[in-house]
Amino acid sequence: MTQKIRIAIADDSTIFRDGLKVCLNQDDNLEVVLEAGNGAELLEGLQKNIADVILMDLKMPVMDGMEATREVKKKYKDIKVIAVTMYGDDNFVIHLMENGANGYLLKNADPPEIGKAIHAVHQNGYYFNDIVSTALLKKLVIKGNVKPSFNTNIEFSERELEVLNLICNEKTTVEIGKEIFLSPRSVEGIRQRLIEKIGVRNTAGLVMFAVKNGII
């Protein structure tokens, strides 16, 4: 039996949380294990009920979603965070992704997209929809619009570039290993080395770097 993906919902609207639960309960592979009305409640709850994926509202009292995302990433490196918000502004998107978010959804996203995003971040470490892609193209590819936060003049081995390209093609660690004849552990080691070389926080940051530098 496949282990369910454990979901935490952080949003100050009880009605919105209830609606999300109804949506998520339609997928037998998902289980809501934690609800919180703000970032502080979320961090407290995670001490007892660990989650695999957090659906994080940005605008909350006490501790907002941006601060909560930073704190989650400091304390729980394996938890994936999807920002769920009414704001589709490019600056919000870039700021969240650079602070460790793994994906970004608008609150009017339909249930299939929410499910797709959860499965994608759980399996691949990121979910890039049109909102994120557009923000990246507008803010990262156009030189000078955003101060780069990545290391420059990095030299990559052929193997590292191969793994980076496969990551950008949404391949899982196991799939990459099979394709280039390496163990999943070796692939994970290369991925971690790429993260350290480039100076990003997670797999989503690797993809952002690849887009900005024309690698994909």
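When the chain is treated as a Gaussian network with alpha carbon springs shorter than 10 Å, the biggest mean-square fluctuation among G45, G19, G199 belongs to G19.
Using the Cβ-Cβ distance between C23 and K74 with R0 set to 30 Å, the FRET efficiency works out to roughly 0.55. Close amide H contacts of L30 (hydrogens built in the peptide plane, cut-off under 5 Å, sequence separation of 5 or more or a different chain): I5. With K and R counted +1 and D and E -1, the other residues having a Cβ less than 13 Å from that of V207 yield a net charge of +2. Reported value for the chain: 122 Å³ per residue, from the convex hull of its C-alpha atoms. What net charge is computed for the residues neighbouring R17, neighbours being all others with C-beta under 14 Å from the C-beta of R17, Lys and Arg scored +1, Asp and Glu -1? That sum, taken over residues with Cβ under 14 Å, equals -4. Available extension along the chain between S13 and N165 is 50.8 nm, counting 0.36 nm per residue and deducting the alpha carbon span. In this rough spin-label picture, where each label sits 7 Å from Cα along the Cβ direction, the E179-K4 distance is 3.2 nm. From helices alone, the chain scores -14500 deg cm²/dmol at 222 nm; the rule is -39500 (n - 2.57) for each run of n ≥ 4 DSSP H residues, then divide by the residue total. List the aspartates and glutamates whose alpha-carbon lies under 19 Å from that of K73, not counting same-chain residues fewer than 8 positions away? Filter leaves D11, E35, E41, E44, D52, D57, D64, E98, E188, E196.
Read-outs: derived from the displayed coordinates by stated rules, not from any lab. Since the model is a prediction, treat every value here as computed from it, not as a measurement. With ideal geometry, Cβ positions are generated from the backbone for all residues, glycine too; neighbour counts draw on all protein chains shown.
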